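Taking it in order: structure first as structure tokens, then the write-up.
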Amino acid sequence: MMFLVDMHCHLNREYYPDGLAEVFARAADNDVRRMVFASADVATSREAAALASAQTDAPEIYALAGVHPHEAENVSPSYIAELEAIAADERVCAVGEIGLDYFYDHSPREVQRRVFSEQIELAKRIGKPIVIHVRDAQNRAEGDANGEVYAMLREQGADAVGGVIHCFSGHAEDAKAALELGFYISFAGPVTYPKNQALREIAMTVPLDRILCETDSPYLAPQGFRGRQNEPWHVRSVYEYLSMLMGLPLEEFAQAVKENGERLFRWGR
């Protein structure tokens, strides 16, 4: 039986006010058996960890604990201690999503850098991988977030814990930098968009043992679902598209992605 994993989704109550029962049922119908609930701040980290711990039936839920760059300006003096306490839960598999976003600049860039750096150090201290959000300014010359992210990861020795670049949207040189650090690269719905040929070409260069699939739901629905709220079962479209690009049977590709996630997030250890 095929086992698909949505490596990054947002299952917050604000997106699913009627509950998750039907979301989980649709996921089960499409072989999505594991999900990683991504966080944006301390409050959503608690929410993700609570759901992951409470979920005893299918699908399996794991959580991230971290502060998104959009929320960096709003952290409290105690946020690192709070995240560390949340991340002690065995169902919290990584620190994330963290990074730099120079496209929206919701937080000042110097604050984003500081909060990102502090969370890299947290991940190293607790021995858990990191999940990276990175987006350049619209004109990269006005904000090379990717370049800064990889420089900080190298300088701070983040390869010691490893991680993943979630919803990859960078250039070929960014993918190369991530792979050289030992990081994984995760693709979401945008890889299916007709105008994203450059992204598909990058995807085809990522080794099979370093690739992950996600939805980033409720955002970025794959091509066949654009205009609708994205949700975890749509990750099947990402698997189908990438397996086609790589010339692999869907089942073989899905098994490789599952093993990649288990290796990165130390599931089952």
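The values are calculated or read from the model by the stated rules, or taken from the named source; none is laboratory data. Bear in mind the structure is a predicted one, so any value in this text is a computation, not a measurement. With ideal geometry, Cβ positions are generated from the backbone for all residues, glycine too; neighbour counts draw on all protein chains shown. To get the accessible areas, we keep the full protein, side chains included, count just its heavy atoms, and leave off ligands, DNA and RNA. Shrake-Rupley method; radii C 1.70, N 1.55, O 1.52, S 1.80 Å.
For the stretch 33-110, the alpha carbon positions stretch 42, 26, 15 Å along the principal axes, listed from largest to smallest.
Temperature 4 °C, viscosity 1.567 mPa s: under these conditions the Stokes-Einstein estimate for the stretch 167-207, based on its Kirkwood radius over C-alpha pairs, is 126 µm² per second. Solvent exposure of the chain, expressed per residue, is 42 Å² of accessible area, with all protein chains present and a 1.4 angstrom probe. Put one equal scatterer on each alpha carbon of the chain, apply the Debye formula with no solvent term, and list log10 I(q)/I(0) at q = 0.09, 0.17 1/Å to two decimals. Computed log10 I(q)/I(0) values: -0.36, -1.44. Placing E82, E240 in order of accessible area, with the largest value first and a 1.4 Å probe, yields E240, E82. Considering only protein heavy atoms and a 1.4 Å probe, what is the carbon-and-sulfur percentage of the accessible area of the stretch 197-240? Carbon with sulfur: 50 percent of the solvent-accessible area.
Extension gain for E110 to M244 (0.36 nm times residue separation, less C-alpha to C-alpha distance): 44.1 nm.
Structure remark: mean-square fluctuation, Gaussian network model of the chain, C-alpha springs under 10 Å; the largest value among S76, S169, S117 belongs to S76. Taking the chain as a Gaussian network of alpha-carbon nodes connected by springs under 10 Å, the highest mean-square fluctuation of the residues P232, P129, P190 belongs to P190. Among G127, G96, G247, which one shows the highest mean-square fluctuation when the chain is modelled as a Gaussian network with alpha-carbon springs under 10 Å? Sorting by GNM fluctuation, first place goes to G247. Heavy-atom accessible area with a 1.4 Å probe sorts T192, T205, largest first, into T205, T192.
Could you state, as a whole-number percent, how many of the C-alpha pairs of the stretch 146-269 are farther apart than 20 Å?
Roughly 43 percent, rounded to a whole number.
For a label point 7 Å from the Cα of L179 along Cα→C-beta, name the residues of the stretch 216-260 whose backbone N is under 19 Å from it. Once the point is set 7 Å along Cα→Cβ of L179, 242-248, 253-254, 256-260 turn out to lie under 19 Å by backbone N, inside the stretch 216-260.
Other residues whose C-beta falls under 14 angstrom from the C-beta of K195 contribute a net charge of +1, scoring Lys and Arg +1 and Asp and Glu -1.
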